[in-house]
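Please read the structure below before turning to the comments.
The values are calculated or read from the model by the stated rules, or taken from the named source; none is laboratory data. Just so it is clear, the model here is predicted, and its values are computed rather than measured. Positions of Cβ are backbone-derived with ideal geometry, glycine not excepted, and every protein chain shown enters the neighbour counts. Heads up: the accessible areas ignore ligands, DNA and RNA and are worked out on the full protein's heavy atoms, side chains in. Shrake-Rupley method; radii C 1.70, N 1.55, O 1.52, S 1.80 Å.
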Amino acid sequence: MSALYVSDYEKELGQQVNALTDQLNYALPGELRSLDLGQYDRIVLTGMGSSDYALIPIERELIASGFPVWRTDAGRLLDMPDLITPGTLLWITSQSGMSGEVVAVLETLPAAKTLIGVTNDPQSVLAKKADIVVELKSGEEATVSAKSYLNTLVASYRTLYALTGRDEQPLLEDVRAVLPKVAEIIQNRSPVQIVTDRLFSHAKPRVALIGMGADAATALTGALIIKEASKVSAEGFVGGEFRHGPMETSGEGMLALLFGDGGDATLQTLAADLEKNGTEVVTVGPQAYANSQRWEAPGDTPLTRLLCAMLWVQHLTVTLARGNGMVPGEFLYGKKITVKI
């Protein structure tokens, strides 16, 4: 493969500043602010893959505000139809609006009191069935989710702010202010390439992504897109669960990415222990855990940190794919939209 070849996936990575700008310029449906969350007996958040993981920060914020919240992927929701009641606010996120499990939820489960659909396709099944549609405005995307994931994060926070009566202008200003940093990271793959080259010097290269709090969304989504885009096995974990079994796979040949605000004691201790056993540890955040390397993700707000951290993971999907002899982002067995259940 020519070193000059740029895959469709890489081209889409370079379009993310424009896609984020389109989301920021999009006016949310006014009906969101008219909803009274107190009228619902529960809020159910669902989606598949990265659409589900992007809702982790939203789940945490709603719980912190005292609302009864369930977040479960749409496949599991099909197995627990009684979770949807006549008093449920159902928030479904699906970039395509056509994922097999999402369509099945819409067609087979009891109707919720109100359905919010967050999607990139206003003509999709989800959009047509939703009471309120929030558009991602991420543009066309042919391969592994990149633009659509970042836009999902922003659209989800904006929807949360509208539902809870918060002024979104400071949020929008924070994201606009970080766009130059987003553009800078997109152009800076070299630190990731250096780490990847070391990883492939080992006979059994492996990747673990570990996040705390809202940053668990990056760890879980990151592991998913690494597998999709590079065909290299990667696993995502939430905080301390890495010690419960997976720790035995660490050591030389493992790259461990830690995501957080830099102040979590669990990740501080884990970083130190991993470095002692020969694991290559990289913190992706505003400050390094223990003595690890760091790829910068500004920590001014959780959202801006999540946006920037995912850019480094995207770089890793490209360098791992090339090291693995694959075209970055090219599907071998699946398609962009997974319609089979």
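Observations
- Across the range 231-278, the number of residues qualifying as of a type in the set (D, E, K, R) and part of a helix (DSSP H, G or I) comes to 6.
- Helices (runs of 4 or more DSSP H) completely within the range 146-221 that count 2 or more residues being without any contact (Cβ under 8 Å) to a residue 12 or more places away in the chain and farther than 24 Å from Leu37 by Cβ: 169-186, 190-199
Residues are listed down the side, and each one gets a yes or a no for (1) more than 16 Å from Val118 (Cβ to Cβ); (2) in contact with a strand residue (DSSP E or B) (Cβ under 6 Å, 6 or more places away or on another chain):
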position	(1), (2)
Asp41	yes, no
Leu45	no, yes
Ser50	no, no
Leu55	no, yes
Phe67	yes, yes
Arg71	no, yes
Arg76	yes, no
Ile92	no, yes
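- Counting only helices (runs of 4 or more DSSP H) wholly contained in the range 1-47, the ones carrying 2 or more residues that are at pLDDT 95 or above and surrounded by fewer than 16 Cβ atoms within 10 Å (Cβ to Cβ) occupy 16-24, 31-34.
- Pairs meeting the criteria (first residue in the range 70-82 and under 17 Å from Gln95 (Cβ atoms), second residue open to solvent by 50 Å² or more (accessible area, probe 1.4 Å) and of a type outside the set (S, T, N, Q), beta carbons under 6 Å, at least 6 apart or on different chains) are Asp73/Met48; Ala74/Met48.
- Against the conditions (1) polar (S, T, N, Q); (2) surrounded by fewer than 22 Cβ atoms within 10 Å (Cβ to Cβ); (3) modelled with pLDDT of 95 or more; (4) farther than 18 Å from Phe242 by Cβ, Thr269 satisfies every one except (4).
- All of (1) open to solvent by 60 Å² or more (accessible area, probe 1.4 Å); (2) under 30 Å from Gln268 (Cα atoms); (3) in contact (Cβ under 8 Å) with a residue 24 or more places away in the chain hold for Lys113 with one exception: (2).
- Hey, Val144 hydrophobic (A, V, I, L, M, F, W, C), modelled with pLDDT under 95 and surrounded by 22 or more Cβ atoms within 10 Å (Cβ to Cβ) or not: yes
- In a residue-by-residue description of the range 51-66, the property of being open to solvent by 10 Å² or more (accessible area, probe 1.4 Å), at positive phi and not in a helix (DSSP H, G or I) applies to at least one position.
- The range 121-141 - residue that is in contact with an Asp or Glu (Cβ under 7 Å, 6 or more places away or on another chain) and free of Cβ contacts under 8 Å to residues at least 60 places away in the same chain and, of those, surrounded by the fewest Cβ atoms within 10 Å (Cβ to Cβ): Pro122
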